[in-house]
Amino acid sequence: MAAAVVMGEVFENEDLVKLILRKTANWSFLMSGAAADTLRIRAVERARLCLTLATVNWLFFRLTKGFAQSMMQAFREDALAFRDLAFAMCDKALPGSIQEQLATVRERSLWPAAVYGTSLMEDAFCRVDNSVAFTQEFQFLLSSRMPTHIVEMLDMLERRCVCCNAYNVKVTNKPGAWGLHPYAGPLRGDANDTYVYLQGSWLPHTCESHFVEVLFFRNAELQQFDMHMYNNYADRVPGEEIRFNHFIRAARGQFWFRPNIARLFDERNPRLRFVDSHHGGGGGDCQFVASICMYAPRMELTDWSLQSIFGLTRACVTAMVRRGSAMAREERLLK
Ligand SMILES: [Zn+2]
């Protein structure tokens with residue numbers, strides 16, 4: 001009983017809590033030349049600590065939230081500064097010798113390297129005569145997803161797949177899975193709105209196979225919304241694509257199928273509607289492509305998956321896949 005009272009006093013005392021966290025918050029020493037991997041390991045420790053402490057009580061929650069935000073901010077600032085400096089370096093707009101320029105860029109590379117990949121400085125640039133040029137690694141970095149929450153950042157720091165929680169899944173020469181949200185994301189295009197599109201992003205450390213390109217469309221003649229696979233790759237084993245197909249086959253008859261696709265069309269920025277139209281927009285057929293996964297991934301935004309688009313439980317998605325598979329089998333037998 002006495003111990004509980006003491007614990008209570010400790011956890012309600014704001015100064016004491018700040019004292020505990022100050023040690024956690026003081027990590028500026030890491031920025032002074034420490035390797036990205038050291039930063040990564042320390043950042044993982046601190047992010048985990050944050051998430052654990054946040055569950056203790058309201059006070060801890062408030063303080064750790066502040067700390068988590070400052071950590072995210074430090075990453076975001078460095079990631080943006082790294083991009084800007086790298087562009088300036090390749091445009092020959094940075095002062096000093098190439099070694100000095102590389103050192104300037106390297107200084108801001110620690111955070112992005114810790115989050116996206118540890119060999120960033122080695123892989124992102126190449127020497128061309130007396131200047132520096134980008135490689136594909138840098139292009140990947142430019143369109144990699146920025147974490148929006150400390151949990152998501154922890155996943156990236158730990159090299160963890162947002163779908164299946166597997167660690168270190170990078171097996172191809174790509175930096176992860178290509179995600180294209182049905183309606184959220186930065187708009188790209190020209191000033192006259194003649195060509196506007198939604199930009200997708202690389203989800204680092206995530207298995208490529210979870211994300212599948214699907215086409216959502218509105219049939220003007222039938223006044224109907226529907227979806228199907230965007231690509232059916234005949235030359236590769238389409239594991240997840242088959243399961244997507246099964247899901248769609250079974251879901252098409254459900255009352256929630258078409259209204260939810262109509263909702264996605266409503267959520268899209270009006271500037272996107274016409275350019276994505278198949279026959280020039282207006283009242284004609286309208287369609288758009290998205291790259292989504294089956295089950296809700298560990299990311300903040302909704303509608304990244306079949307599960308969240310149709311508001312289903314995980315078990316229900318699995319049941320739909322099974323039902324679709326049975327329907328396909330039946331169709332084959334009847335032929
Ligand atoms: Zn995975």
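The values are calculated or read from the model by the stated rules, or taken from the named source; none is laboratory data. Since the model is a prediction, treat every value here as computed from it, not as a measurement. Reconstructed Cβ throughout: ideal geometry from the backbone, glycine too, with neighbour counts over all protein chains shown.
Cβ-Cβ contacts under 6 Å between residues 6 or more apart (or on different chains), taken from a first residue in the range 176-202 that is touching a residue at least 40 places away in the same chain (Cβ under 8 Å) to a second residue that is part of a strand (DSSP E or B) and among the basic types (Lys, Arg), are listed as Tyr197/Arg188; Gln199/Arg188.
Yes/no matrix, rows are residues, columns are (1) in a strand (DSSP E or B); (2) in contact with a Lys or Arg (Cβ under 6 Å, 6 or more places away or on another chain); (3) away from the ligand (no atom under 16 Å from the Cβ):
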| position | (1), (2), (3) |
| --- | --- |
| Leu141 | no, no, yes |
| Met156 | no, no, no |
| Val162 | no, yes, no |
| Lys174 | no, no, no |
| Asn192 | no, no, yes |
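Screening the range 289-324 for residues that are basic (Lys, Arg) and in contact (Cβ under 8 Å) with a residue 40 or more places away in the chain and picking the one that is farthest from Ile242 (Cα to Cα) gives Arg298. Taking the conditions exactly as written (at pLDDT below 85 and exposed (fewer than 13 other Cβ atoms within 10 Å of the Cβ)), does Asp129 satisfy them or not? When the stated conditions are applied, Asp129 passes them.
The number of residues in the range 194-220 that are closer than 25 Å to Asn245 by Cα, assigned to a strand (DSSP E or B) and of a type outside the set (Lys, Arg) comes to 11. Picking from residues in the range 206-221 that are in contact with a Cys (Cβ under 6 Å, 6 or more places away or on another chain) and at pLDDT 90 or above, the one that is farthest from the ligand (Cβ to nearest atom) is Phe211.
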